[in-house]
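None of the figures in this text is laboratory data; all of them are computed from the coordinates on show. Note that the coordinates shown come from a computational prediction; the quantities given were computed from them, not determined experimentally. So basically every Cβ, Gly included, is an ideal-geometry build from the backbone, and we count neighbours across all protein chains shown.
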Amino acid sequence: MRYPSFVLLFLFCTSSVAAQEIISVDICVYGATSGGVIAAVTAARLGKKVILVTPEAHPGGMSSGGLGNTDIGNKSAITGLARDFYRRVGRHYRKPEQWVFEPHVAEDIFKTYIREAAVTVLYHQCLQAVFKKGTVIQEIQTVDADHPATEPGTLI
């Protein structure tokens with residue numbers, strides 16, 4: 001089975017947190033941008049156990065961070081989950097679709113996608129190190145974004 005190149009595929013991915021809890025996942029996506037959330041949700045919908053790791057406090061990247069205007073000329077070119085996103089935005093505003101929106105609306109929709117797909121999210125985690133076997137990423141090490149100098153790293 002082939003996976004899109006924008007998804008980081010890990011055959012085994014572990015997380016060691018302060019309480020020494022170990023989490024195993026099939027796929028780890030770093031970055032909760034619009035694309036990162038959709039990649040994680042898509043993998044989860046395909047039956048994979050997914051973790052989404054992000055240095056941010058909110059999912060959605062620029063869409064939930066203030067860029068709430070879509071300037072695409074040909075809206076019929078937007079399909080799949082991107083089109084579903086704009087339809088969900090539309091439902092919020094009681095329209096079939098909506099291409100201009102408030103950031104909190106986008107964030108709520110991304111959180112809904114994450115919840116519906118049962119994706120685990122680790123917020124406030126900066127990438128500190130990457131461990132590879134050949135060309136395949138086996139683990140990543142993160143550090144708490146709020147306290148990078150004092151908190152121990154997390155292995156994923």
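Of all GluC sites (Glu not before Pro) in segment 56-156, which ones are in loop regions per DSSP and have a Cβ with at most 14 other Cβ atoms within 10 Å?
Answer in residue order: no site qualifies.
Can you compute log10 of I(q)/I(0) for segment 9-155 with the Debye formula, treating each Cα as one identical point scatterer, at q = 0.13, 0.21 Å⁻¹?
Here log10 of I(q) over I(0) equals -0.63, -1.25.
What ranking do VAL105, VAL41 get, fewest neighbouring Cβ atoms within 10 angstrom at the top?
VAL105, VAL41
Residue by residue, what Karplus-based ³J(HN,Hα) values in Hz, rounded to whole numbers, does segment 65-82 have, using 6.51, -1.76 and 1.60 with θ = phi - 60° and x for Gly and Pro?
x, x, 8, x, 9, 9, 10, 5, x, 10, 5, 5, 6, 8, 9, x, 5, 5
Would you please give the residues with an amide H less than 5 Å from that of GLN138, counting only those at least 5 places away or on a separate chain, with H modeled from the backbone geometry?
Here PHE131, LYS132, LYS133 satisfy the definition.
Once you keep just the Cα pairs under 8 angstrom separated by 6 or more residues, what percentage relative contact order results for segment 9-155?
Averaging sequence separation for qualifying contacts and normalising by length gives 25 percent for segment 9-155.
Taking H placed 1.01 Å from N in the peptide plane, check which residues at least 5 places from ALA32 or on another chain put their amide H under 5 Å from its amide H.
For ALA32, the qualifying residues are GLU56.
For LYS95, project a label point 7 Å along Cα to C-beta. Then give me every residue of segment 101-118 with its amide nitrogen under 12 Å of that point.
101-102
Filter the chymotrypsin sites (Phe, Trp or Tyr not before Pro) in segment 25-113 down to the DSSP loop ones having no more than 16 other Cβ atoms within 10 Å, then list what survives.
Counting only loop positions with at most 16 other Cβ atoms within 10 Å, the chymotrypsin sites (Phe, Trp or Tyr not before Pro) in segment 25-113 are TYR93, TRP99.
Which of the trypsin sites (Lys or Arg not before Pro) across segment 105-136 are loop residues per DSSP, with 10 or fewer other Cβ within 10 Å?
Answer in residue order: no site qualifies.
Add +1 for every Lys or Arg and -1 for every Asp or Glu among the other residues with Cβ under 13 Å from the Cβ of ARG87, and state the total.
Summing Lys and Arg as +1 and Asp and Glu as -1 gives +4.
Report the extension gain between GLN138 and HIS104 in nm, rounded to one decimal, defined as 0.36 nm multiplied by the number of residues separating them, less their alpha carbon distance.
8.8 nm
For each of THR42, THR112, THR135, count neighbouring Cβ atoms within 10 Å of the residue's Cβ, then give the residues from fewest to most.
So the ranking, lowest neighbour count to highest, is THR135, THR112, THR42.
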